[in-house]
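I have placed the structure first, in the form of structure tokens, so that the comments after it can refer back to it.
Taken together, the values in this text are just the output of simple stated rules run on the coordinates, not laboratory data. Just so it is clear, the structure is predicted and the values come from calculations on it, not from any experiment. Cβ: placed from backbone, ideal geometry, glycine included. Neighbour counts: every protein chain shown.
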Amino acid sequence: MRLKDKVAIVTGAGWGMGASTAELFAAEGACVMVTDILDAEGTDVVARINDSGGQARFLTLDVTNDTGWASVVGETISTFGQIDILVNNAGVSGSHPDLLNTQTWDEQMDVNARGVFLGMQAVIPQMQKAGAGSIVNISSISGIVGQSFVHMGYNAAKGAVRMASKAAAVQFAPDGIRVNSVHPGLMPAMRTSKMTADPKVREKMLSAVPFGRVGRVEEVAYANLFLASDESSYITGIELPVDGGFLAM
Ligand SMILES: NC(=O)c1ccc[n+]([C@@H]2O[C@H](COP(=O)([O-])OP(=O)(O)OC[C@H]3O[C@@H](n4cnc5c(N)ncnc54)[C@H](O)[C@@H]3O)[C@@H](O)[C@H]2O)c1
């Protein structure tokens, strides 16, 4: 078991890549705090984990809410005793027909960038006390290149996640904390996708993927598993693309 005796918090774990990551981590021996704004979906993930012999609990968490973060950290420690891993996965899509919309910019910064910062802010003091920890921040190919179909706020927020991860990696390495970012490419459409759920747009995006197919959620979950586990004990501050060789569009 690759995460035996570890405790992980995964955000946005009710659906998509977050759910896949939570289930894989539990199968590899971690106790998982599944968090999301989707209560029913998060509870289903926990039921699947517990039914297959794993250990998990669900807590409602909006990642933009700092008091919510404090209570998730407190509950995780009182339930599972420690926090070894944080996967900052929750996110909202940047696919919006109005590429110059201010509200979209603000939402992107709030959820996709500030939400990731608040997560690190909440868990790092606990990891410092323990002298160890691994944080995996889910960015995107959009944090590396610009794209025609995505609001620039998404690229900016995902770019912020990429650079914040590198900064945190340098700042907290002396405490034994590793921080890395994962950059998925074209994956199943996000729940909040508008334009990028359109088959015509998706076909055009697919033409930029040398592998010629959409990624599978578990392919990202396995990258998260490697970075969360002690197998990557000398790796910090890296950006790991999981994108089938995605080319700039
Ligand atoms: N799907 C893609 O093509 C793709 C590509 C690259 C990166 N990503 C990133 O990967 C991560 C997961 O995406 P996904 O494809 O699984 O998306 P998804 O829409 O399937 O799942 C995202 C999850 O985050 C949750 N969430 C949204 N806002 C939240 C908030 N404020 N607080 C807490 N939870 C919230 C949602 O309820 C949902 O369960 C996101 O950060 C996304 O930006 C996705």
As a quick test, which of the pairs Lys4/Lys158; Lys6/Lys194; Lys158/Lys194 have an alpha carbon distance above 26 angstrom in this structure?
Lys4/Lys158; Lys6/Lys194
Between Asp39 and Glu218, Cβ-based FRET efficiency (R0 22 Å, step 0.05) works out to 0.35
Quick shape check on region 30-179: root eigenvalues a ≥ b ≥ c of the Cα gyration tensor, a/c under 1.5 is rounded, otherwise prolate if a/b tops b/c, else oblate, and it reads oblate
Can you compute 3J(HN,Hα) from phi for each residue in region 135-152, using the Karplus curve 6.51 cos²θ - 1.76 cosθ + 1.60 with θ = phi - 60°, rounded to whole Hz and x for Gly and Pro?
10, 10, 9, 8, 9, 5, 3, 5, x, 10, 10, x, 9, 5, 9, 10, 4, 4
R0 of 25 Å, Cβ-Cβ distance Ser207-Leu99: FRET efficiency to nearest 0.05
0.75
Under the rule of at least 5 residues apart or a separate chain, name every residue whose amide H is placed under 5 Å from the amide H of Thr192.
Ser93
For region 1-80, which trypsin sites (Lys or Arg not before Pro) pass both filters: DSSP loop (anything but H, G, I, E, B) and at most 14 other C-beta atoms within 10 Å?
Lys4
Under Karplus coefficients 6.51, -1.76 and 1.60, residue-wise ³J(HN,Hα) of region 155-172 in Hz, glycine/proline x
4, 5, 5, 6, x, 5, 4, 4, 6, 4, 5, 5, 5, 5, 4, 5, 5, 10
Taking the Cα of Arg48, stepping 7 Å toward and past its beta carbon, and measuring to each backbone N in region 2-42: which are under 13 Å?
13-27, 41-42
Within the chain, what's the longest stretch lacking chymotrypsin sites (Phe, Trp or Tyr not before Pro) that sit in DSSP loops with no more than 13 other Cβ atoms inside 10 Å?
1-210
Restricting to DSSP loop positions (anything but H, G, I, E, B) with no more than 10 other Cβ atoms inside 10 Å of their own Cβ, which trypsin sites (Lys or Arg not before Pro) remain in region 173-249?
Arg213
Which distance in nm do the two modelled labels at Gln55 and Arg2 give, with both placed 7 Å along the Cα-to-Cβ direction?
2.1
The local net charge around Arg216, scoring Lys/Arg +1 and Asp/Glu -1 for residues other than Arg216 whose Cβ lies under 14 Å from its Cβ, equals -3
Relative to the longest principal axis of the C-alpha atoms of the chain, give the angle of the C-alpha long axis of helix 66-80, reported between 0 and 90° and rounded to the nearest 10°.
40
Give, in nm to one decimal, the length gained when the segment between Ala173 and Lys129 is fully stretched (0.36 nm per residue of separation minus the Cα-Cα distance).
14.5 nm
Helix axis angle, 39-51 relative to the chain longest principal axis, alpha carbon, degrees:
50
Ellipticity estimate at 222 nm from DSSP helix runs (n ≥ 4, -39,500 (n - 2.57)) divided over the chain, nearest 500:
-13000 deg cm²/dmol
